[in-house]
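Student: Handing you a structure now.
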Amino acid sequence: MPKQNINIILLCAGKSSRMGLNVPKVILKINGKSILSRTLETIQKVNPQKIIIVVGYKKEMVINEAMKLGYKNLHFVTQNNQNGTGHAVKIASKKISTNSTSIVLNGDTPFISHEIINNSLKTFIRNSADLLLATSSLDDPTDYGRIIRQRNKIIKIIEEKNCSKEEKKINEINCGLYIFKSKNLITKIKTLKKNIKKEYYLTDMVEIYSNDRKKIISYNVIDKARFLNINNTEELYKAHEIDRKYFYYECLKKDITLTDPSTIHISPSVKLSKNIKVGSNVIIEGQSSIESNVEIVGNVYIKDSVIKSNSIIKPFVNIINSKIGTNSQIGPFSNLRPSTVLKSNTKIGNFVEIKKSTIGDNSKVPHLSYIGDTEMGSNVNVGAGSITCNYDGFEKHKTVIKDNVFLGSDTKLVAPIIIGKESTTGAGTVLSKDLPDGSLGITRVKEKHLPNWKRKPKKK
Ligand code: UD1
Ligand code: CA
């Protein structure tokens, strides 16, 4: 059940001019996931009745990105001219439910956590405050709005560009997260005036509240990465590093060992279970999921695939849009192309390519094979160098290999073909007709030995 009394206003209308990229900064990606979807996922955890997103600059791009998550509680308001954060909130205030608490959050703060928001909210309620600001103390407060206190009470916020030399030395800064009683906010935002820069600053609400003798309190955020706001490309780059750091911490909590984190790229879309080992040079992306007790040794690329528990992926393996069953062994040097399904206890070895095929329980394709458009039963052994010849130059054809088949080394199966259960093929066999159950299929020229035969001498 949503908390009926919480409305969250997310400010995403800005021109992002310091970014210089001609796109709204909130749709930029950090390790494959946009700033907007990160903040939206976080604020959704607070369980608000409404999320009011202020859009403006290239608003269709922002709306499309937000809608991807499929949340039902999103409301959009348009700020046609970006006249400042205060102006953005003024527009949003028309959608706020009067008897609620409003949380305002800058949209360019991707690592804000739901713990910070929830703790701020608790502090706001516990103190019966009228306004709460998330603040922090920074050794280098440059670019942030400074918190001005008088006898320890917050009286205003001054933006960097309007600070005097003395004010610039203040270390306490505004993190960009505000909590208001909605009723007050709706009335007071109307009284906000343009500043000398002809903009409405949300931060100027602090002075209005202070003049009204309203209770203004702060919530102290310790980890400065949590309120990093992305204004330029350098900060975007920094955000990638921060994301990797948080990902590493998450992995530690789940008993996931990343041997060499700087060489591992695992997209936020990937689901990782517990107790997994990941070696160097591993990329996992898309809708992939890795179950518990899996080991990925190193130099592996996995996209849109599921690796079930207790499997091992050895070096130099490529797995795309495939499913690997439990207790399986893949690699080294295997290429699993789209629509490969390996059941449990399978073994795919070196220089093996599999495409659009199912490999049954306990079956093995250990060396130098191509298996395409194939349905393979269980307990099948594929000898080294065996190939399904699935393409006649015009069309692809299917191969069926039933349970308990043994293919001798270098067997070629010319599809369409069915190899009956319990059957065997001799080494070097080329079959183009269905092999009945329990048979031996063998195609070989009779072996000839010519005694005392010498190769012609080489011409000098
Ligand atoms: C703002 C604060 C500053 C604080 C910092 C923390 C103000 C005036 N200053 O500065 O005190 O330390 O955040 O991150 O609020 N936006 C709109 N409409 C507008 C302008 C901005 O929706 O007309 C949105 C932007 O898209 C952005 C957010 O508001 O997501 C913040 O705007 P930004 O320009 O980044 O503010 P800062 O200069 O970082
Ligand atoms: Ca900002």
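The values are calculated or read from the model by the stated rules, or taken from the named source; none is laboratory data. For clarity, every value in this text was computed on a predicted model and none was experimentally measured. Note that we place each Cβ from the backbone using ideal geometry, even for glycine, and neighbour counts take in every protein chain shown.
Student: Of these, I179, I186, I147, I173, which one is under 40 Å from the mean Cα position of the chain (by Cα) and within 16 Å of ligand 2 (Cβ to nearest atom)?
Tutor: Unique residue meeting the criteria: I173.
Student: Name the single residue that is nearest to I313 (Cα to Cα) among those in the range 348-379 being within 29 Å of the chain's Cα centre (by Cα) and not aliphatic (A, V, I, L, M).
Tutor: E353
Student: Given the criterion modelled with pLDDT of 95 or more, within 15 Å of ligand 1 (Cβ to nearest atom) and not β-branched (V, I, T), identify the matching residue among N127, N174, N184, N195.
Tutor: Every option except N174 fails the conditions.
Student: If you take the residues in the range 38-73 that are farther than 27 Å from Y246 by Cα and β-branched (V, I, T), which one is surrounded by the fewest Cβ atoms within 10 Å (Cβ to Cβ)?
Tutor: Looking at the filtered set, the residue picked out is I63.
Student: If you scan the range 46-105, which residues turn out to be near ligand 1 (Cβ under 9 Å from one of its atoms), under 21 Å from K183 (Cβ atoms) and not aliphatic (A, V, I, L, M)?
Tutor: T85, G86, H87
Student: So the check is Cβ under 9 Å with 6+ separation or different chains; which pairs have a first residue in the range 75-89 that's aromatic (F, W, Y) and a second one that's within 6 Å of ligand 1 (Cβ to nearest atom)?
Tutor: F76/V54
Student: Taking the criterion of being in a helix (DSSP H, G or I) and within 16 Å of ligand 2 (Cβ to nearest atom), would at least one residue in the range 62-71 satisfy it?
Tutor: Among the residues of the range 62-71, at least one is in a helix (DSSP H, G or I) and within 16 Å of ligand 2 (Cβ to nearest atom), which makes the answer yes.
Student: Looking only at residues in the range 18-42 that are within 9 Å of ligand 1 (Cβ to nearest atom) and assigned to a loop (DSSP other than H, G, I, E, B), which one is modelled with the highest pLDDT?
Tutor: If we take residues in the range 18-42 being within 9 Å of ligand 1 (Cβ to nearest atom) and assigned to a loop (DSSP other than H, G, I, E, B), then P24 is modelled with the highest pLDDT.
Student: So the check is Cβ under 9 Å with 6+ separation or different chains; which pairs have a first residue in the range 286-315 that's free of Cβ contacts under 8 Å to residues at least 12 places away in the same chain and a second one that's outside any loop (DSSP other than H, G, I, E, B)?
Tutor: Between residues of the range 286-315 that are free of Cβ contacts under 8 Å to residues at least 12 places away in the same chain and residues that are outside any loop (DSSP other than H, G, I, E, B), there is no close pair.
Student: At least 1 residues that are crowded, with 20+ Cβ neighbours inside 10 Å and of a type in the set (S, T, Y) in each: list the strands (runs of 3 or more DSSP E) lying fully within the range 339-453 that qualify.
Tutor: 364-372, 374-376, 387-389, 399-401
Student: Return yes or no: is K165 among the basic types (K, R) and within 24 Å of I96 (Cβ to Cβ)?
Tutor: no
Student: Condition (residue is more than 21 Å from G383 (Cβ to Cβ) and either without any contact (Cβ under 8 Å) to a residue 12 or more places away in the chain or not basic (K, R) (or both)) applied to the range 342-360: is it met by at least one residue?
Tutor: Within the range 342-360 (the criterion being more than 21 Å from G383 (Cβ to Cβ) and either without any contact (Cβ under 8 Å) to a residue 12 or more places away in the chain or not basic (K, R) (or both)), the answer is yes, since at least one residue qualifies.
Student: Hey, I189 hits all of (1) buried (at least 20 other Cβ atoms within 10 Å of the Cβ); (2) part of a helix (DSSP H, G or I); (3) within 12 Å of ligand 1 (Cβ to nearest atom) but one; which does it fall short on?
Tutor: In the conditions (1) buried (at least 20 other Cβ atoms within 10 Å of the Cβ); (2) part of a helix (DSSP H, G or I); (3) within 12 Å of ligand 1 (Cβ to nearest atom), I189 misses (3) alone.
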